[in-house]
Protein chains: 2
Amino acid sequence: MTVLVFLDPAFADGRIVDAGKPALMATDQGATRGDGIFESMLAVDGKPRKIHRHLDRLASSAQSLELTIPEPEVWQRAIATALAAFADDGGGGAAGGGGGGAAGGAEAVVKLVVTRGVEGSSAPTAWVQVSLPPEAGRLQRENGIDVLLLDRGYDSTVAERAPWLLLGAKTLSYAVNMAALRHAHSNGADDVIFTSSDGRVLEGPTSSVLLAHAEGEGGTRVRRLITPALDSGILPGTSQSALFGAAKAAGWELGYGPLVPEDLFDADAVWLISSIRLLAPVNHIDGREIGTSDVRAALTAELNELIAAT
Amino acid sequence: MTVLVFLDPAFADGRIVDAGKPALMATDQGATRGDGIFESMLAVDGKPRKIHRHLDRLASSAQSLELTIPEPEVWQRAIATALAAFADDGGGGAAGGGGGGAAGGAEAVVKLVVTRGVEGSSAPTAWVQVSLPPEAGRLQRENGIDVLLLDRGYDSTVAERAPWLLLGAKTLSYAVNMAALRHAHSNGADDVIFTSSDGRVLEGPTSSVLLAHAEGEGGTRVRRLITPALDSGILPGTSQSALFGAAKAAGWELGYGPLVPEDLFDADAVWLISSIRLLAPVNHIDGREIGTSDVRAALTAELNELIAAT
């Protein structure tokens, strides 16, 4: 079940269209050139999580691509319309199939898309899509994932000197991200951590990288959560950022890379974190186990509690 | 005026759809992830140029992306359907506006697109689009262009070691190519030549790079045509390849990079060559004039004759 709501100046709350029928022009530059941006967020019991972080990042991506996009309030009304229609259709209930994830209640995926519009027109095309989360994501966050390190081809300093590479923007041009995932799957892995050509840890194709160290016991226990620094040309992670806020409040120390692969192998736990799958513990990287299953499970449980409260 | 023909197993010659109405599902992975491939070729007087080179490259791109696409015969029938409908609509005639280019008769752009299809489906979406060529291209091939050198971020050896970067495939994920062109336009230039992070000349965002040297006069005259080698991770150019065949037959010496920017500045002429705009002489690169306008014009005229005969 999928609900589609197009943003349309003639419809203040968005225009619902039949998701079973064609809704895009074949000349739309989103389809012909991947020229556009998107966000994916989780809604739990009909309420989108971290909506302001996602709308802020959408605006930042739009700026990188010189796209003029609708105002946050317009998005919020269209998202509300779509989630209401989704609930009316029976989505998000316990019977809907997406319920009971790490975040608590019934889950739905809310995707925002903006393209540069139809060739020759100056108006962007913008829509909200609501659908059930993929079952595979729930299993991966419960069972963990095996990951390959793959070269992203860029060095970690290129983002600043070459803004036309759009490295901090979440564009529709995801063919390389999808190809990297296919490469991992055909080599028996579930996901990918990209490295830069100068050997830095970057991000997953659809996620941010986290690692943790835990030392000591009881009152003297120290837990440290680390993620690659943004200036290496990665996407700012909305989930990583929200979790860092919660972890800091809960007494964790925080750190920001540069990180190299050896830092991942030395960690007590590594995760890929993203808005839909949430926290996916990494069992193996390039076939080497990360930490021990007991420590991974304990730290994952602790962070999942923090995520549920964000 | 645009004609759209979808490839559809139920229609042997393709299914004509109304180009003024939505024809794509909003969940098509071409639109949501730039996950697909394309080709653009010129048709002159209703006849596509270099169709086999384009269908061969489409098949090669499909292999890189692990996409199963329709057979060449199916494409050829759909292209014939689309060109016939375009002619019936008055396209391609002298009054159509696209006539009289370097290639001779009335021109049309034939675009082939294949996406990974709708999310969750295993069938690709494939269509043919026929439209008039942009007027800007004709002016640029007549008047020449100013170009900026921009860093593509990849080093020239990455293509071979990282096939998931899809460097030899013509994918729908063109957001970076479009951003580089916007960057050039906002800096007073018309187009871009990408360089690798290790300083090699690569290609334009939508074209191949050529340079020429001419020495001597009359019977002892030597003309040399050079293009970057394919192993630097560039797209194999169908127009470059066709022109090289014709130039060799006409007595030109041929050469293949590695090339560095200084080779461009030292050349007697530089061009960006592509299937729709054809041969665009480069007047300036980063503000420095290439050769002299007389020599550029003479060599351009010579190569345009060869192109018209291919």
Study note, to complete from the structure: Counting only residues in region A:140-156 that are out of contact with any Leu (no Cβ under 7 Å at 6 or more places or on another chain), part of a loop (DSSP other than H, G, I, E, B) and more than 7 Å from chain B (Cβ to nearest Cβ), the one modelled with the highest pLDDT is identified as A:144
Practice item. Could you grab me the full set of residues in region A:1-33 that are among the acidic types (Asp, Glu) and either surrounded by 19 or more Cβ atoms within 10 Å (Cβ to Cβ) or at positive phi (or both)? Key: A:28
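I'd like the full set of residues that are farther than 17 Å from residue B:208 by Cα, among the acidic types (Asp, Glu) and in contact with a Leu (Cβ under 9 Å, 6 or more places away or on another chain), limited to region B:218-267. Break it down stepwise before answering.
Of all residues in region B:218-267, those farther than 17 Å from residue B:208 by Cα come to B:218-223, B:248-253, B:262, B:266.
Narrowing further to those that are among the acidic types (Asp, Glu): B:253, B:262, B:266.
Listed by number, the residues that qualify are B:253, B:266.
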Practice item. Return the only residue of B:159, B:136, B:123 being away from chain A (no Cβ under 11 Å), assigned to a helix (DSSP H, G or I) and modelled with pLDDT under 95. Key: B:136
**Study point:** Count of region B:34-46 residues which are surrounded by 24 or more Cβ atoms within 10 Å (Cβ to Cβ) and within 8 Å of chain A (Cβ to nearest Cβ)
**Key:** 3
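Would you say residue A:241 is at pLDDT 95 or above, touching a Lys or Arg at 6+ places or on another chain (Cβ under 7 Å) and either crowded, with 17+ Cβ neighbours inside 10 Å or closer than 18 Å to residue A:170 by Cα (or both)?
The answer is yes for residue A:241.
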Check your understanding: Would you call residue B:23 within 21 Å of residue A:22 (Cβ to Cβ) and out of contact with any helix residue (DSSP H, G or I) (no Cβ under 7 Å at 6 or more places or on another chain)?
Key -> yes
Revision key, fill the gap. Reported set for region A:231-269 where residues are touching a helix residue (DSSP H, G or I) at 6+ places or on another chain (Cβ under 6 Å) and farther than 28 Å from residue A:52 by Cβ is A:268, A:269
Practice item. Only strands (runs of 3 or more DSSP E) wholly contained in region B:167-257 count here; list those with 3 or more residues that are among the β-branched types (Val, Ile, Thr). Key: B:191-195, B:222-227
Practice item. Find all pairs meeting these conditions: Cβ atoms under 6 angstrom apart; at least six residues apart or on different chains; first residue within region A:172-183 and more than 7 Å from every other protein chain (Cβ to nearest Cβ); second residue in a helix (DSSP H, G or I). Key: none
Review point. Pick from region B:93-120 the residues that are at pLDDT 85 or above and assigned to a loop (DSSP other than H, G, I, E, B): which of them is surrounded by the fewest Cβ atoms within 10 Å (Cβ to Cβ)?
Key: B:120
Check your understanding: Given the conditions (1) surrounded by fewer than 20 Cβ atoms within 10 Å (Cβ to Cβ); (2) out of contact with any Leu (no Cβ under 7 Å at 6 or more places or on another chain), which single one is not true for residue A:291?
Key -> (1)
Check your understanding: Can we say residue B:161 is without any contact (Cβ under 8 Å) to a residue 12 or more places away in the chain, within 22 Å of residue B:295 (Cβ to Cβ) and assigned by TED's automatic domain parsing to the domain that holds residue B:297?
Key -> no
Exercise for review: Considering every residue within region A:205-216, establish whether at least one is at pLDDT below 95, exposed (fewer than 14 other Cβ atoms within 10 Å of the Cβ) and outside the structural domain of residue A:106 (by TED's automatic domain parsing).
Suggested key: yes
**Study point:** Evaluation of residue A:212 against (1) within 14 Å of another protein chain (Cβ to nearest Cβ); (2) in contact with a Leu (Cβ under 6 Å, 6 or more places away or on another chain); (3) closer than 24 Å to residue A:290 by Cβ (one fails), failing number
**Key:** (1)
**Study point:** Qualifying residue in region A:50-71 (condition: farther than 29 Å from residue A:178 by Cα and at pLDDT 95 or above)
**Key:** yes
**Study point:** Breaking point among (1) buried (at least 19 other Cβ atoms within 10 Å of the Cβ); (2) away from every other protein chain (no Cβ under 14 Å); (3) free of Cβ contacts under 8 Å to residues at least 24 places away in the same chain, for residue B:54
**Key:** (3)
Check your understanding: When residue B:169 is evaluated against the numbered criteria (1) touching a residue at least 60 places away in the same chain (Cβ under 8 Å); (2) farther than 18 Å from residue A:158 by Cα; (3) surrounded by fewer than 21 Cβ atoms within 10 Å (Cβ to Cβ), which criterion, by number, is the only one it fails?
Key -> (3)
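The values are calculated or read from the model by the stated rules, or taken from the named source; none is laboratory data. Since the structure is predicted, the reported quantities are computational estimates derived from the model, not experimental observations. In this analysis, Cβ positions are derived from the backbone assuming ideal geometry, glycine residues included, and neighbour counts consider all displayed protein chains.
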